[in-house]
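Comments concern the structure below.
The values are calculated or read from the model by the stated rules, or taken from the named source; none is laboratory data. Predicted model, so just to flag it, every value in this text is computed and none were measured. Ideal geometry is used to build each Cβ from the backbone, glycine not excepted, and the neighbour counts take in all protein chains shown.
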Amino acid sequence: MTLPAVDDLPAGQPVPVRLNAVVTELGTLELWMQHTRSDRRWKVEFQVRTD
């Protein structure tokens, strides 16, 4: 996965983030990544529920 560039960081550099995990009522695991030095956030979702 490629995330949009973050100001003040060259492309390809690690981005320091805090993770917050949420399991929704529909069985989706949402991982929110919050950049530690700005308000930028990204969400990654995984389907963890089986039929």
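Taking the residues in region 1-31 that are in a strand (DSSP E or B) and surrounded by 12 or more Cβ atoms within 10 Å (Cβ to Cβ) as candidates, determine which candidate is modelled with the lowest pLDDT. Break it down into steps so the answer makes sense when it comes.
So in region 1-31, the residues in a strand (DSSP E or B) come out as 17-23, 28-31.
Add one more test, that the residue is surrounded by 12 or more Cβ atoms within 10 Å (Cβ to Cβ), and what stays is 17, 20, 23, 28-31.
Numbers: V17: 90, N20: 94, V23: 85, T28: 82, L29: 86, E30: 87, L31: 90.
Result: T28.
Name the residue that is surrounded by the most Cβ atoms within 10 Å (Cβ to Cβ), counting only residues in region 36-45 that are touching a strand residue (DSSP E or B) at 6+ places or on another chain (Cβ under 6 Å) and of a type outside the set (V, I, T). Only one residue fits best here, namely W42. Within region 32-51, the residues that satisfy the criterion of being in a strand (DSSP E or B) and modelled with pLDDT under 80 are E45, F46, Q47.
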